[in-house]
Amino acid sequence: MNRRNSPAEQRDPPTGRLVLVEYYLTGDQALIFFVTAEDTEPALVSLPVDTGELAALVVRFALALDRVTEGPALLEQASAILDHPVLVSLVAPVLDRVRPGDRLCLVPHGPLHRVPLHAVPCRGVRLADAHPVVYTPSAAVLRYCQANRRGARSTALVVADPPGTEPLTFGLVHAAALTGRFDADRMQGAEASRAALLRRLGGPAPDAGTAAAHRPPPGILHIGAHGVFDPEDPMASGVELADGRLTATDMLGLRLTGTLVVLAACRTGVSDTRPGDELLGLIRALLHAGAPAVLVSLWKVDELSTAMLLDEFYRSLGDGSPAVVALHRAQSWLRRRTAADVLAYVGQARDSAGTSHPAAARLALAEARIRLVAQDFVGAAGTAQAALTLAGTARDRRRVEGVLYRARFLAGTGKGVPVDLDRRLYDSFFFWAPFVLVGDWD
């Protein structure tokens, strides 16, 4: 039996205040406006900020994250930038004004649209440590998103595992997380196509002479695919489906009123900022199409931690939590996961996928890598050897061989090294902070 959302009256009641925090950058200062329901007028904080230096920091931060797979030094560089005094100074006034239980709605400006402000460390804490955080392009957009609410979410449309691109390792896991908790339809494999999705959600399919019979938009639209940001033409950004890219321009024509859209792909939250702080990209297109909120990523994400985050997000959402609370709980939960927890999760994913799935080798490889981190070198070598027998492409074989050789070497030289299954693997912001909820918090 599928688990469905609780009725609206049984959902988690809001706690604390909703605090709207809006940033505005000038040439040499940052203005931060604070608004709550109990205020008669906004409070204002003005800080000296060199916006040129800030923009340069953000560019370096984004570039480091784009190349983080090249080595740990780049993740350390990104972490150091996130801890830069300029960014800390922009978060400190927020921490000074929030109370326990407050929900935060952040309105970035300029380069801040690329910064996970909820993950900036300040005096040893982050906004996301204690507060659910939602982002919105502007207060006017927030009102528009709230007008597109449509009650409790009980249905979902899952678009996953499109062929023609490298299979997502955890695409089936995403689909199972939704199918087990909502009344979910799947568009999977060859059915996960741009044309079929446009027909299903009311957009103009290129091969359809007439509009398909309309069904109500789903409560949740989950798209698990490879994401692409096109800096030259932001409205050509999108997700790669079976028959080509579903672009931001395509999304403008979808019927998504009341639909929470989850883009389980890389860099889907990156937009181009035009004069007037006008954003072009997937977020603008989806909100324009009626989605009250979108869950998107700010950088290239780790597939395993993303799968675990979204699984827990859907668990909380299915139990009736507002989207912003579900995301906050999932982020907090992920940061506490140990190597033992992650190995159990990967083991379940491997059992569900089976050895015939195109990503079977990479699921085994993911387990081998976790065992390496936990210093279980013998176990890592055995799992990597199993992954090698499953690898169907030269690229997969090269990946597996590198881990296998390393595991065998360490198994031979690391005698007596204790296995550490209690180590927390996802404490770094890189794993728990890439996904942001944009739009309404519900």
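The values are calculated or read from the model by the stated rules, or taken from the named source; none is laboratory data. Quick caveat: nothing in here was measured; it's all calculated off a predicted structure. Glycine gets a Cβ as well: all are built from the backbone with ideal geometry, and neighbour counts include every protein chain shown. Just the protein is used for accessible areas: all its heavy atoms, side chains included, with ligands, DNA and RNA removed. Shrake-Rupley method; radii C 1.70, N 1.55, O 1.52, S 1.80 Å.
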query = Quick one: which of Gln331, Gln348 is at pLDDT 90 or above and either part of a strand (DSSP E or B) or among the polar types (S, T, N, Q) (or both)?
reply = Gln331
Test: residue in segment 372-382 that is in contact with a Leu (Cβ under 7 Å, 6 or more places away or on another chain), open to solvent by 70 Å² or more (accessible area, probe 1.4 Å), farther than 27 Å from Gln77 by Cα and in a helix (DSSP H, G or I) = no
inquiry  = Quick check on segment 104-124. Is at least one of its residues open to solvent by 30 Å² or more (accessible area, probe 1.4 Å), within 30 Å of Asp83 (Cα to Cα) and aliphatic (A, V, I, L, M)?
reply    = no
message = Could you check segment 130-146 and list, in sequence order, the residues that are open to solvent by 20 Å² or more (accessible area, probe 1.4 Å) and either without any contact (Cβ under 8 Å) to a residue 12 or more places away in the chain or assigned to a loop (DSSP other than H, G, I, E, B) (or both)?
response = Pro137, Ser138, Ala140, Arg143
ask   = Which condition number in (1) in contact with a Pro (Cβ under 8 Å, 6 or more places away or on another chain); (2) buried (at least 23 other Cβ atoms within 10 Å of the Cβ); (3) over 22 Å from Arg149 (Cα atoms); (4) modelled with pLDDT of 90 or more is the one that Ala225 fails?
value = (4)
ask   = Which of the following residues is modelled with pLDDT of 90 or more and within 17 Å of Val94 (Cβ to Cβ): Leu65, Leu20, Leu57, Leu74?
value = Leu20
inquiry  = For segment 73-103, give me each residue that is within 26 Å of Ala139 (Cα to Cα), open to solvent by less than 10 Å² (accessible area, probe 1.4 Å) and free of Cβ contacts under 8 Å to residues at least 40 places away in the same chain.
reply    = Leu87, Val91
query = Regarding Arg245, is this residue over 19 Å from the mean Cα position of the chain (by Cα), among the charged types (D, E, K, R), modelled with pLDDT under 95 and assigned to a loop (DSSP other than H, G, I, E, B)?
reply = no
remark   = Residue pairs qualifying under the 7 Å Cβ cut-off, at least six apart or on distinct chains, with the first in segment 417-433 being open to solvent by less than 80 Å² (accessible area, probe 1.4 Å) and the second being among the basic types (Lys, Arg) and in a loop (DSSP other than H, G, I, E, B), are Leu425/Arg337; Tyr426/Arg337
key: Hits in segment 147-156 (condition: outside any loop (DSSP other than H, G, I, E, B) and either open to solvent by 30 Å² or more (accessible area, probe 1.4 Å) or out of contact with any Phe, Trp or Tyr (no Cβ under 6 Å at 6 or more places or on another chain) (or both))   = Ala147, Thr155
Selection count, segment 334-345, where residues are touching a residue at least 60 places away in the same chain (Cβ under 8 Å) and either open to solvent by 30 Å² or more (accessible area, probe 1.4 Å) or assigned to a helix (DSSP H, G or I) (or both) = 8
inquiry  = So, in segment 353-369, how many residues would count as being open to solvent by 20 Å² or more (accessible area, probe 1.4 Å) and not in a helix (DSSP H, G or I)?
reply    = 5
ask   = Applying the selection to segment 426-440, what residues are closer than 15 Å to Ala330 by Cα and either in contact with a Pro (Cβ under 8 Å, 6 or more places away or on another chain) or not in a helix (DSSP H, G or I) (or both)?
value = Tyr426, Asp427, Ser428, Phe429, Ala433, Pro434, Phe435, Val436, Leu437
Selection within segment 387-410 - part of a helix (DSSP H, G or I), in contact with an Asp or Glu (Cβ under 9 Å, 6 or more places away or on another chain) and open to solvent by 20 Å² or more (accessible area, probe 1.4 Å) = Leu388, Leu390, Arg395
